[in-house]
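The values are calculated or read from the model by the stated rules, or taken from the named source; none is laboratory data. Please read all numbers here as calculations on a predicted model, not as lab measurements. Quick reminder, even Gly has a Cβ in these numbers, built from the backbone with ideal geometry, and neighbours come from all protein chains shown.
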């Protein structure tokens, strides 16, 4: 019986169920821990079951498959990425809340979750936030916006785009499975060996981490290739590289980093997998392994990764400052050069993540100086953004609230980074909550606020109605206040010497500040609730909030020149542009909406492809099989992936034609609507009077 | 060479639309290859830093043999040349026969290479050179077989292309596929230059 | 058509030349290992230079990457990749050997 069981289920047994922690609990804290874990798993299962139920009840399986999962439209793929990001954000925020609660209660050894459970929480929280929240969010925004901004119909390789999403989603699915079939890794998001080696951690945890991260890494690399080729080869006529909107520039630099920085991660996790599965001695204590090389390889990826995360947000802020100041971006060239400098310098500073590993002082000093150098181009950017606002028609719309908060908070975070860049100070701060405060200070006001600003900015383009501003402001202010309360105390705790990743402690001096941080976490949860309510309210009022003319913010770049939601083919004819701020130039000339010069033509669009979802299922099965030693499942998953890829090579006739008359009908209806839709001034921007038809900025200034 | 619209391998303007799409596809594949190059570069650097970690086990002089490595090097070099002929066949001859023959020759050479390499590994294992023996051998087996797997994958791809020719003839997709496979093929030879220089000559010198 | 024939010849020649150069850069190396012509450090230096030259040969003659007369994207890409591999590879060697020397 047990032989048969292990043949089918590998090492998976009923012990993997979190409810076992309740049954085996010996004290109150373990009982609570089991209840927390079981509730989380239950919510995941219920959520999945409800999804299946709803899809079946409303007969949505067909549309889901046809219009979304197999779609290779960059806009739909972008939306799916952002949905994935928001779902994963919800989970990782809940985990953050539990962790803050634990640390607030942990003085004297009390609390809510066991040490082991706490370790899983910080591991999943970090892994999710980086790989399955931040990365999909920014990839989704780039996917949706970048091709429109450069006047293209799609990305260079639409099917591969869907494959990228498939791999990323497979990693996310693996993480969700780990909630139900436990445990996940306890090694943190960095998964350092030897702790994650088979000798110390023989269970499935590190394997979950390895495969989730590897799959997401492959997906990201493919995305990067796709974006780079798109930007190089698919810009519309007249758009030179130095005419691109800044978001495209940051997308380009991020994509280059994705292409070159993800391979070290693949190497690191791949070698760790060889150690764990085949008994290699790459990073082991014995047998001539060298665990330091893992830290080295991981941060060769990890440092460029933080710029992969932050650069698209910089791009969003550039668009936000320019749009909501009704001015062209100040210092465009400086911003482009600064972006490139950051991208290149990001490859030269990885050692600052392990100053304390024992290299010589000279080596550390060199990397410390290189690290500080990055402050220069970033500082240039901050000034450029401030000067963009100077004497502009500034509106404090929701994205602008995030952006202004970013300017202030990001600068504070940057200063704490300069402190940490000094190796001698880093020796004191290393592995304390000061570091945790620092990188959250960079990633929340930097990355997350940027993503939320972008979400608010481009939501009307994707769905045809703006997000309710009232709940938007509530969310934004709660995010800002919540961040300040949750993370500024951690700077203090770090200086007081509190190590990171600690579930319980015996130092009463830390208790008050952990309580303040918990208050911040509550506010952040409230902020996320506001975002959910905002979405619900906006969908309910979508008629009143509709902006069918597609330009609600009087923006300056090409994506706003098309209706909202954007048509499948993006542009009736590929646009020809001159100079920067292409749409603003068109509007000033009074040519914003017009028929293509040489008439309408048939448009060739890529057909749907099932490769992405098939690879997603195949790679999830393979990874799951590898985690639990279900070798038949791993082999089956690998076979499915292989067969699907080869079969895809035999596909022909991958395009279909959209008829010229259909394009004409749709575009002319849009132009006709323009004649009857009033133009509104900026003062009415966030009201229901906004139909997405902006009155020219020049008129408004004179009146 | 003013006729080429994009750098590197190309079809030439008389191939019409295939040449246009090749510009994007070939560039995209180049980017992918460069990403892969980082993987090999890092594995080589890892090999260099691990090469002293013998853990009391056998070292390069006991395990490596020059003669088979030399033959393997020649096999890959020849297959690069024959693959070039396959590409010329595709570019200048409307009928695929020439291209198919040269492609088959290239695949045969590459498969002999893989076979010899496997034989090397078996010989090494016989002398105690298994990956579990030491950090040095772990890093060796992380690097060299990965190249072999790439070569095998390239052969499978070549066979898939032959299958596509059998079904569709020498159409645009086959042509751009051949260009991309060509990049992979020559790239793998370049990686092998790194491997024989660092691993084998570095180990035996 | 003669144009095409000339171009074909030119391309064949390119492969043949590349093959010849590659042989020149490989065979003597193996020979000097086999027959112990040079001492270790000289041989390693020569191997390094020959490997780089041979990589250039492969790019030039087999992959047709040129410095002039074509768009620059692929060349820039290769050069940037070389830079990144240089930073990462040499950086790894530097950092890890620095650590080892202090243990």
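Scoring residue B:191 on the criteria (1) away from chain A (no Cβ under 12 Å); (2) out of contact with any helix residue (DSSP H, G or I) (no Cβ under 7 Å at 6 or more places or on another chain) leaves a single failure, condition (2). Yes or no: residue B:32 more than 8 Å from chain C (Cβ to nearest Cβ), under 24 Å from the mean Cα position of the chain (by Cα), modelled with pLDDT of 70 or more and assigned to a helix (DSSP H, G or I)? So residue B:32 passes the test. Residues of region A:190-205 include none that is part of a helix (DSSP H, G or I) and either in contact with a helix residue (DSSP H, G or I) (Cβ under 7 Å, 6 or more places away or on another chain) or surrounded by fewer than 23 Cβ atoms within 10 Å (Cβ to Cβ) (or both). In this structure, residue B:139 does satisfy being within 20 Å of residue B:198 (Cα to Cα), touching a helix residue (DSSP H, G or I) at 6+ places or on another chain (Cβ under 7 Å), surrounded by 22 or more Cβ atoms within 10 Å (Cβ to Cβ) and at pLDDT 95 or above.
Got a sec? Which of A:297, A:274, A:311, A:345 is crowded, with 24+ Cβ neighbours inside 10 Å and either within 23 Å of residue C:95 (Cβ to Cβ) or within 14 Å of chain B (Cβ to nearest Cβ) (or both)? Only one candidate passes the filter, namely A:297.
Inside region B:195-205, residues that are in a helix (DSSP H, G or I), touching a helix residue (DSSP H, G or I) at 6+ places or on another chain (Cβ under 6 Å) and facing chain C (nearest Cβ under 7 Å) make up a count of 3.
Can you find a residue that is part of a helix (DSSP H, G or I) and in contact (Cβ under 8 Å) with a residue 60 or more places away in the chain anywhere in region A:276-289? Within region A:276-289, one or more residues are part of a helix (DSSP H, G or I) and in contact (Cβ under 8 Å) with a residue 60 or more places away in the chain.
Condition check ((1) within 11 Å of chain C (Cβ to nearest Cβ); (2) closer than 26 Å to residue A:268 by Cα; (3) outside any helix (DSSP H, G or I); (4) without any contact (Cβ under 8 Å) to a residue 24 or more places away in the chain) across all residues:
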position	(1), (2), (3), (4)
A:305	no, yes, no, no
A:316	no, no, no, no
A:326	no, no, yes, no
A:334	no, no, no, no
A:364	yes, yes, no, no
A:375	no, no, no, no
A:380	no, no, no, no
A:388	no, no, no, no
A:393	no, no, yes, no
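Residues that are within 8 Å of chain B (Cβ to nearest Cβ), under 16 Å from residue A:195 (Cα atoms) and crowded, with 24+ Cβ neighbours inside 10 Å are absent from region A:245-266. The residues listed here are B:170, B:146; of these, the one that is within 14 Å of chain A (Cβ to nearest Cβ), in contact (Cβ under 8 Å) with a residue 40 or more places away in the chain and under 12 Å from the mean Cα position of the chain (by Cα) is B:146.
Yes/no per residue for (1) more than 14 Å from chain A (Cβ to nearest Cβ); (2) modelled with pLDDT of 95 or more; (3) in contact with a strand residue (DSSP E or B) (Cβ under 7 Å, 6 or more places away or on another chain):
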position: B:37; (1), (2), (3): no, yes, no
position: B:41; (1), (2), (3): no, yes, no
position: B:52; (1), (2), (3): no, no, no
position: B:56; (1), (2), (3): no, no, no
position: B:79; (1), (2), (3): yes, yes, no
position: B:82; (1), (2), (3): yes, yes, no
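Here is the figure for region C:30-64: residues that are surrounded by 16 or more Cβ atoms within 10 Å (Cβ to Cβ), free of Cβ contacts under 8 Å to residues at least 40 places away in the same chain and not in a helix (DSSP H, G or I) total 2. Condition (residue is more than 7 Å from chain B (Cβ to nearest Cβ), surrounded by 21 or more Cβ atoms within 10 Å (Cβ to Cβ) and at pLDDT 95 or above) applied to region C:77-91: is it met by at least one residue? Within region C:77-91, none of the residues are more than 7 Å from chain B (Cβ to nearest Cβ), surrounded by 21 or more Cβ atoms within 10 Å (Cβ to Cβ) and at pLDDT 95 or above. Any residue in region C:14-29 that is at the interface with chain B (Cβ under 9 Å from one of its Cβ atoms), farther than 29 Å from residue A:303 by Cβ and part of a loop (DSSP other than H, G, I, E, B)? No, there is no match, as no residue in region C:14-29 is at the interface with chain B (Cβ under 9 Å from one of its Cβ atoms), farther than 29 Å from residue A:303 by Cβ and part of a loop (DSSP other than H, G, I, E, B). Restricting the search to region A:513-552, which residues are outside any helix (DSSP H, G or I) and under 24 Å from the mean Cα position of the chain (by Cα)? Selection gives nothing.
Every residue, every condition in (1) within 11 Å of chain A (Cβ to nearest Cβ); (2) buried (at least 21 other Cβ atoms within 10 Å of the Cβ); (3) at pLDDT 90 or above; (4) within 30 Å of residue C:28 (Cα to Cα), yes or no:
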residue: B:1; (1), (2), (3), (4): no, no, no, no
residue: B:20; (1), (2), (3), (4): yes, no, no, no
residue: B:49; (1), (2), (3), (4): yes, yes, yes, yes
residue: B:73; (1), (2), (3), (4): no, yes, yes, yes
